[in-house]
Each structure stands twice: as structure tokens, then as C-alpha cells.
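The values are calculated or read from the model by the stated rules, or taken from the named source; none is laboratory data. Keep in mind it's a predicted model, so treat the numbers as computed, not measured. Here Cβ is always computed from backbone atoms with ideal geometry, including for glycine, and neighbour counts include all displayed protein chains.
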Amino acid sequence: MLFDTHVHLNADQFLEDRDEVIKRAQEEGVTHMVVVGFDEKTIHGALEIAEKNENIYAALGWHPVDAIDMTEKHLEWLEQLAQHPKVVALGEMGLDYHWDKSPKEVQKEVFRKQIRLAKKVNLPIIIHNREASQDIVDILKEEEADQVGGIMHCFSGSLEIAKACLAMNFHISFGGPVTFKNAKKPKEVATEVPLDRLLIETDCPYLAPHPYRGKRNEPAYVKLVAEQIAELKGMTVEELAKQTTENANKLFNIM
């Protein structure tokens, strides 16, 4: 039983063969997934997929790259959608300093608004972080995000940042990059993260694990992430799968 906590099956890369991709994942033991929507189009897609598939859930938020496009109406819409029975988290949200479409101050404001909404609707949050670790930690502290907790998605930061996030009731999730041969930092952090705060993901169609690096990623490959972390932790894949699935079910309040 594997739980892929972050997929983008709503991406155009899966338009032709989404059902086959889901079937392949199930054949590899991936029993649960969360499809993440981060703008109008992908939010609609995430809900549609979650409604059609029993063990697929949705997370809905506004991506920091597109923060400049978010309006108060979008925020009200997210609040309404948060009541949907298949919505288990808000996000992905956060900060992205790699692209310059949305000014940093706009990103921060949209991030804060979404954290406040999550506290209002009592849902965990999924954090996107690119080149903005300290600002993210500061905002999570200031907004008391520990009240809802959530996931540091596809974690690539330092052990110090991981510890700061763990102290704020966050889980640390690893994707394909932990399997890369030169991925010293993710491997170090994965080794140190407590088992009960560990999650796995693909972030498909992006960041495919070794040996598929550079190709389209898909949920079936989350098994390769599990194998790598199990090896780092000195445990069996079955043990790691069981623990990370339990962690996800608890965090997302899935019975």
C-alpha cells in the first residue's frame, strides 16, 4: 500500500492516457493519491478526477508563481470548495523566487491569505518552496500555521529548515530527486526525518525518479521513492509503505 501524496494527473501530459496511468499505479500497489490543483483550470480538473475515483482525493490552492492573478473571488471560491468531501488539504501554496511573474510581496500576501483560510476551514496545507526557505518558515511561524500543519512538498531544503518545519507540525515529503545519484542533501534529510512525519510523492508529471529522470513521471514510480528511502532508513519497503500511508491517512483525515 503506497500513498502518493502529490500528483498532477490533471496536467495536460495525462490527457491521452490518464485512466491507464491510474491503472498502472494501482498495479504497483499505489492505493491512494492526492491530485493537486493550483489555478482555476487545474482545480476543476483535480475535483473531477477525485469525484470519479474512490481512493483519489484533491488538494486545492493557488500557486505562488500565479499569485498576481488571484482575486478575493478566488479565495471565496476556495473556501466553498473546501467543504467538498474529497478535498483533504489546501495547496499547493507558498513562495517561488525562481520565476519573476509575481512580485515577492504579492506572493507573500496570497500565501498568508491561504494559511488563514486553511485555519478557518481546518484543513492541512501543502507548501511549495523554491529558493525561499527562510521566508516560508518565517511566514508559517507568524501565521501560526502549526494549528493546521501540513506538508513540505518535494522537500529540497537543509536539515536545519526541515527541523524548523517539523517543529511547526509539518510533515516532510520526498519525491524523485531523493533517488538522484548526486542528491546528497535530500538523502541526508530523509535519513533524519522521524518516521511518523515522513511522506512520499511523485509530483508527476515532473521530477521523475532515477532511472526515468527526464521522462514523464507517473504515480507508479512512487515505489522507487519508497525503495530509496527504505534503503536509507534500513527498513523494508513494506514497512516504509505502511508507515507513510498511515501518516498520510492521519494527516488528511481519511478513515
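Would you please name the residue that is nearest to V21 (Cα to Cα), looking only at residues in the stretch 178-192 that are touching a Leu at 6+ places or on another chain (Cβ under 7 Å), of a type outside the set (G, A, S) and buried (at least 21 other Cβ atoms within 10 Å of the Cβ)? Across the stretch 178-192, the extreme among qualifying residues is T179.
Any residue in the stretch 163-174 that is among the charged types (D, E, K, R) and modelled with pLDDT of 95 or more? Yes, the stretch 163-174 contains at least one residue that is among the charged types (D, E, K, R) and modelled with pLDDT of 95 or more. Scanning the stretch 175-205 for residues that are part of a loop (DSSP other than H, G, I, E, B) and either of a type outside the set (A, V, I, L, M, F, W, C) or touching a Cys at 6+ places or on another chain (Cβ under 8 Å) (or both) yields G175, K181, N182, P194, E201, T202, D203, P205. Is at least one residue of the stretch 216-223 more than 12 Å from F3 (Cα to Cα) and either surrounded by fewer than 21 Cβ atoms within 10 Å (Cβ to Cβ) or of a type in the set (K, R) (or both)? Within the stretch 216-223, one or more residues are more than 12 Å from F3 (Cα to Cα) and either surrounded by fewer than 21 Cβ atoms within 10 Å (Cβ to Cβ) or of a type in the set (K, R) (or both). The listed residues are A183, A208, and the only one of them that is touching a Pro at 6+ places or on another chain (Cβ under 7 Å) and of a type outside the set (D, E) turns out to be A183.
The residue that is nearest to C154 (Cα to Cα), among those in the stretch 10-31 that are in contact with a Phe, Trp or Tyr (Cβ under 9 Å, 6 or more places away or on another chain) and part of a loop (DSSP other than H, G, I, E, B), is A11. In this structure, is V34 of a type in the set (V, I, T), outside any helix (DSSP H, G or I), touching a helix residue (DSSP H, G or I) at 6+ places or on another chain (Cβ under 9 Å) and farther than 20 Å from H74 by Cβ? Answer is yes for this residue. Please verify whether A50 is under 15 Å from the mean Cα position of the chain (by Cα), surrounded by 19 or more Cβ atoms within 10 Å (Cβ to Cβ), among the small types (G, A, S) and under 26 Å from T244 (Cα atoms), treating the condition exactly as stated. Here the answer is no, as A50 does not meet what is asked. Pairs are defined by a Cβ separation below 7 Å, a sequence spacing of at least 6 or placement on different chains, a first member in the stretch 1-23 that is surrounded by fewer than 22 Cβ atoms within 10 Å (Cβ to Cβ), and a second member that is acidic (D, E); the pairs so defined are V21/E218. Do we find a residue being surrounded by 19 or more Cβ atoms within 10 Å (Cβ to Cβ) and within 16 Å of the chain's Cα centre (by Cα) anywhere in the stretch 67-77? Within the stretch 67-77 (the criterion being surrounded by 19 or more Cβ atoms within 10 Å (Cβ to Cβ) and within 16 Å of the chain's Cα centre (by Cα)), the answer is no, since none of the residues qualifies. Using the structure shown, decide if A89 is closer than 21 Å to M255 by Cβ and surrounded by 23 or more Cβ atoms within 10 Å (Cβ to Cβ). So A89 fits the description; yes.
One residue stands out in the stretch 224-255 among those that are among the β-branched types (V, I, T) and out of contact with any Ser or Thr (no Cβ under 9 Å at 6 or more places or on another chain): the one that is surrounded by the fewest Cβ atoms within 10 Å (Cβ to Cβ), namely T236.
Report whether or not G149 is on the phi > 0 side of the Ramachandran plot and of a type outside the set (S, T, N, Q). Spelling it out, G149 is indeed on the phi > 0 side of the Ramachandran plot and of a type outside the set (S, T, N, Q).
Within the stretch 206-255, the set of residues being small (G, A, S), assigned to a loop (DSSP other than H, G, I, E, B) and at negative phi comprises A208 only.
Against the numbered list (1) assigned to a helix (DSSP H, G or I); (2) over 18 Å from P219 (Cα atoms), W62 comes up short only at (1). A single entry from C154, C165, C204 fulfils the requirement of being without any contact (Cβ under 8 Å) to a residue 40 or more places away in the chain, crowded, with 23+ Cβ neighbours inside 10 Å and either among the charged types (D, E, K, R) or touching a strand residue (DSSP E or B) at 6+ places or on another chain (Cβ under 7 Å) (or both): C165.
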